[in-house]
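To start, the structure itself, in structure tokens.
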Amino acid sequence: MQTRKIYMSGGSTYIMSLPKKWVQRVGLKEGDSVVVTEREGALTIEAREREEESREVTIKISRVESGEVLERLLISYYLIGYDTIKILLDDAQHLKYREVARRIPDLLVGVEIVEDTDEALTLEILLNERKLPTLKAMRRIDLIVSSMLAELIRVLEGEDEALARDIIEREKEVDRLYFLVVRQLKGAVRYHQLAEKLGIANPRDALGYRMVVKSYERIADHCENIAQIYLKLLAEGENQFEDCAALARLASLAYQKASRAFFALDMHPAQEVFSHLKEIRELQEEILNRLFQSNIKAGKAVLLKGIMDSLNRIASYSSDIAEIAINMSVEVPS
């Protein structure tokens, strides 16, 4: 941390000097402009508008251990904010890496392949933050997750293999939007002018959004897990899911109230979520006692318990969202 004195210039303008090392490191020179943002009693000085920068990274597949590692690298570079990712195919066994890179546009929003040759494959991230600000993207995730939970109830109330498979497919769209929001939030923390375009009022909100969107993503994962287990049980001839459906209705209700509380920053529906969580745990314990006292085969019992455990986790993540809603609704001391 450094301190700077403030001087009066011309009787009406206050001026101060900038640290020389910082000016040199960011490449500023006399006559350049900087971006000054005021936020909660503080001024943030940035070297230039984010749009003027083009962040590019090059990956040599000869230095990447496997296709799985390449996929994780590409996602990481996307999340941290790179605009161009060039993959040099400098290894004879490059086909498996090319296949991974070609799948990335299906995993990440805004990614396009702009070059695909024998020597290299280039991904370009084309996003317009103003068209899909963070809260709008999170509302889309909420709508998908809410719909997945509603479909899950219908699946458990009656045999519907096609609807269960649809839930599994929809989880992929939640992942795409989740990665987009994480990229936005990482950028908003680094660039205050980007935060304004994304509708993020202050860093405190970014932290809350990050925690909530992770809960959304995990809830979608558990919906997918339940659908997968359901299909296994259906294949084994099991068709009794009434107890699971009752738990699913309670978990969905907890989620709806938690999400509504988050978007409205209203602590009243948020507080109701915790009573639902207690009710779900009591009902799960009651169902499990009946289940293990019955004559059901051990394998089926374990799978049914897996469904109930995932429903319990959905309720727990909903309570996390509710807690964040309460925290964000509290006025910050001046």
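Every number here is computed from the coordinates shown, using simple stated rules; none is lab data. Note that the structure is a prediction, hence the values are computed from the model and not measured. Backbone-built Cβ (ideal geometry, glycine too); neighbour counts: all protein chains shown.
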Cα pair distances of the range 37-161 binned at 10 Å [whole percent]: 10, 30, 24, 22, 12, 2
Using a Förster distance of 45 Å, the FRET efficiency for Leu234-Gln193 (Cβ separation, nearest 0.05): 0.30
For Lys60 and Asn295, extending 7 Å from Cα along the Cα-Cβ vector and measuring point to point gives, in nm, a value of 6.8
How much length is gained on full extension from Asp91 to Asp266, taking 0.36 nm per residue of separation minus their Cα-Cα distance? 57.4 nm
Going by a ≥ b ≥ c, the root eigenvalues of the Cα gyration tensor, does the range 56-125 fall in the rounded group (a/c under 1.5), the prolate group (a/b larger than b/c) or the oblate group? prolate
Convex hull of Cα atoms in the range 189-274, direction-averaged projection (nm²): 7.4
So what's the net charge close to Leu88: Lys and Arg +1, Asp and Glu -1, counting the other residues with Cβ under 14 Å from its Cβ? -3
Taking a 27 Å limit on the Cα-Cα distance, which of the listed pairs Lys278/Lys305; Lys214/Lys300; Lys96/Lys214; Lys214/Lys305; Lys96/Lys197; Lys214/Lys278 fall beyond it? Lys214/Lys300; Lys96/Lys214; Lys96/Lys197
So which DSSP H runs in the chain come out at 27 Å plus along the axis (Cα) with average Kyte-Doolittle of at least 1.6? none
Going out from 0 in 10 Å bins, what whole percent of all Cα-Cα distances in the range 134-329 drops into each bin? 9, 35, 32, 17, 6, 1, 0
With Cβ to Cβ distances under 12 Å as the rule, what net charge do the other residues near Ala162 carry (K, R +1; D, E -1)? -4
Let me know the volume per residue of the alpha-carbon convex hull for the range 152-228, in Å³. 85
Taking the Cα centroid of the range 273-297 and of the range 95-157, what is the distance between the two, rounded to the nearest whole Å? 36
Here are a few candidate values for Rg/Rh (Cα atoms, Kirkwood Rh): [x] 0.99; [y] 0.97; [z] 1.08. Which one was actually calculated from the structure I just gave you? [z]
Which one, Ala188, Ala162, Ala150, projects farthest toward the positive side of the charge dipole computed for the range 148-217 from Cβ point charges (K/R +1, D/E -1)? Ala188
